[in-house]
Structure formats: structure tokens, C-alpha cells
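Reviewing the structure listed below.
Values in this text are rule-based calculations from the coordinates and carry no lab data. Treat the numbers as computed from the prediction; the structure is a model and nothing was measured. Every residue, glycine as well, gets a Cβ built from its backbone with ideal geometry; the counts of neighbours run over all protein chains shown.
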Amino acid sequence: MAFAAFVVTALLAGGNAVGVRFSNRELAPLWGAGLRFSLAALVLLAIMAIRRLPLPRGKALAGALLYGLINFGFTFALAYYALVRLHAGLGQTLLALVPLATLLLAVAQRQERLRLAPIVGTLLALAGVAVISGASFGDSLPFLSLLAALGAVVCFAEAAVVVKGFPRVHPVTMNAVGMATGAAFLLIASLVAGQPWKVPERTATWVAVGFLVLVGSVVVFVLYLVVLKYWEASRVAYGFVITPIVTVLLSAWLDDEPIRVGLVFGGMLILAGVYVGALRPARLPETLAEPVP
């Protein structure tokens, strides 16, 4: 069950960055993200009511709120900003760094072992980012957008690590509380930034928002937590390696994203780094430190 949920999540998530690009063309980034997660939270709350799922309490509630703030608030504030100027395929390729970031953060927070392989993998992945951001392969990338995408990587990874340290909550409930929390943060941030709140007028925007709410948020993130329940955080993050392939193809088809040499070569370096650092089976001699109880 966990493996099937993992594959479906990775494939469906491939459309998310493309949907965000279309949303950003009409809606201000923070408002678009806040609208998306507000609607998704309402859907999940309705499912909770139908299934009579209780709200978490105590430490479990604290975990759900923190997960929502990081995973939906911080992450998507940065991701939506980045995808205003970055193509979807490029943005999703950068998100392939999440498994490495997750493993390194899990090690730092004493959930997993530190090995030599993640260090080598990180160097390969950073080389891939450098190639992708190089102007010699095409147009130069906006520095702040690139920085925002990398910030989203760190937030995504940290959310996966954080949730493992709190009592388990039903995936529907966890995402309902989390998305409501993230939506509140995004909407407040949108007001502070002075962004206009408007109802979409274009058909393409409605289709994008509908996909992002029902598929990209409700289905993808519920399945994500199902997998996270059974697998280690760094292993769950492997889906970020499959997703860019789907995103690049969809973006080239729907958004005319050019597939340049820099994207292909840099993406290969990133995926190689992720394989070496997070996917390749660990060997005991590579262990540099043991987790502290």
C-alpha cells in the first residue's frame, strides 16, 4: 500500500508546479497559495466531518500546527514566489534536492545516521544547481527566485522531519489542520504585502486552481502522509526525484518551457547526487556518526 501511494503521489505531484505557474499569471502569489489551501482545507474538513474524525489534541495538535506552518505556509510562500519567474520544470528539478536536504536535517536532528555518501551526493547536487543557474546555457536566472526555490526545498525537508517527532495523526486530519494553518499564514502575509484578492476570471486559472486544490493538495498530501507513516522521512522524499520528469514534460507541452542543455545536464547531476546521497543502499563502513538516543 505504501509503495503504491508513493508512486501515485510522485506522478500526480508532477502537475503541481505547472498549475502554480498558471495560477500566478492571474493571481498574486501569496493570495493564490492562500486560496488554494483554504479551499483544500474546507474539502478535508468536510471529509473529517463525514468520517467523524476527531481533532488532535495536546502534542499531536501542536505537531499538526507546526507541520502546517512549515509545509504549507513557509514552503509555498517561497515556492509560489519562485515560480513567478522560474519555469515549472526548472523549479521542480530544484525540488529534487529535497531527499538530500531531508536526510541532512534528519541527521542534524538525530533521527538518522550521518554517512559519507550524503556529503558526496550533496556536492554533486550543488554542482547541478550551479550548472542550471549558469547563464552560459541560456537566460540568466533571477537570483531571488532561485534562492526562494532552494528555501522551499529546506522547508519541505524540515516539515517531513518535524512530523516524525510528534504523535501520529490521521492523514486527512493532519492535512486539514495543516492546510488551514498554512492558509491563514499565507492570507495574512498576502494582506501585509498589499496583494489584491480577486476571483479568477480566466478558464485556465480555474482549471489550475481546481487541479491544485483537489489533486495537488487533497490527494497528493494525504497520500504523502500515508507513505510517511510507514517509511523514513528521507525515503519518502525520493518522490521528488521522479516528479521532475513528469513536470518537465507537462511544462514543455502546456507552458512552452524550453528544455535546454543546462536543465538536462544540471538535472542529471542533481539526480545523480540524490541517488548517491539518499537512494543508494548505505554500507556500514560509510557511517561517520551514530544517532544519539
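Residues considered: PRO196, PRO99, PRO244. Largest GNM mean-square fluctuation over the chain, using C-alpha springs under 10 Å, is found at PRO196. Rounded to whole Å, give me the distance from the Cα center of region 241-256 to that of region 179-194. Here the answer is 28 Å between Cα centres. Close amide-amide hydrogen proximity is noted between ARG115 and LEU288, each under 5 Å apart and 5 or more residues distant or on a separate chain (H modeled in the peptide plane; Pro and chain starts excluded). Does region 2-79 come out rounded, prolate or oblate by the C-alpha gyration tensor, with a ≥ b ≥ c the root eigenvalues, rounded set by a/c under 1.5 and, if not, prolate when a/b is larger than b/c and oblate if not? The shape class here is prolate.
Using helices alone, what [θ] at 222 nm do you get for the chain, with -39,500 (n - 2.57) per DSSP H run of 4 or more residues, divided over all residues and rounded to the nearest 500? Walk me through the numbers on the way to the answer.
Numbers: 15 runs with 197 residues, N = 293.
Value at 222 nm, helices only: -21500 deg cm²/dmol.
Residues in region 93-101 carry Karplus couplings, in order, of 5, 5, 5, 5, 6, 4, x, 5, 4 Hz; the curve used is 6.51 cos²θ - 1.76 cosθ + 1.60 with θ = phi - 60°, and Gly or Pro positions show x.
Given charges of +1 on the Cβ of Lys and Arg and -1 on the Cβ of Asp and Glu, with all other atoms neutral, how large is the dipole of the chain about its Cα centre, in debye to the nearest 20? Please report the intermediate quantities before stating the final value.
Working: 20 positive and 11 negative charges, 159 e Å.
Dipole about the Cα centre, nearest 20: 760 debye.
Taking packing as the residue-averaged number of other Cβ atoms within 10 angstrom, the listed peptides 37-45, 246-254, 2-10, 82-90 run from highest to lowest as 82-90, 37-45, 246-254, 2-10.
Straight Cα distances below 27 angstrom link LYS164 to the lysines LYS59, LYS229, with same-chain residues fewer than 8 positions distant left out. Distance between the 7 Å Cα→Cβ label points at LEU123 and ASP255: 3.3 nm.
In a shell of Cβ-Cβ distance under 13 Å around LEU250, excluding LEU250 itself, what net charge do Lys and Arg (+1) and Asp and Glu (-1) give?
On the way: positive: ARG21; negative: ASP255, ASP256, GLU257.
Result for the neighbourhood of LEU250: -2.
Phi-derived couplings, Karplus 6.51 cos²θ - 1.76 cosθ + 1.60 at θ = phi - 60°, listed residue by residue for region 251-263: 5, 5, 7, 8, 10, 6, 6, x, 9, 8, 4, x, 5 Hz, with x used for Gly and Pro.
Kirkwood Rh over alpha-carbon pairs of the chain, then Stokes-Einstein at 25 °C and 0.890 mPa s: what D in µm² s⁻¹, rounded to an integer?
Details: Rh = 19.2 Å.
Translational D for this selection: 128 µm²/s.
Evaluating 6.51 cos²θ - 1.76 cosθ + 1.60 at θ = phi - 60° for every residue in region 190-199, the Karplus couplings come out as 5, 5, 4, 6, x, 7, x, 9, 9, 7 Hz, glycine and proline recorded as x.
Kindly state, to the nearest 0.05, the FRET efficiency for ARG202 paired with TRP231, given R0 = 35 Å and r defined as their beta-carbon distance. Don't jump to the answer; show the numbers that get you there.
Values: r = 39 Å, r/R0 = 1.12.
Once rounded, the FRET efficiency stands at 0.35.
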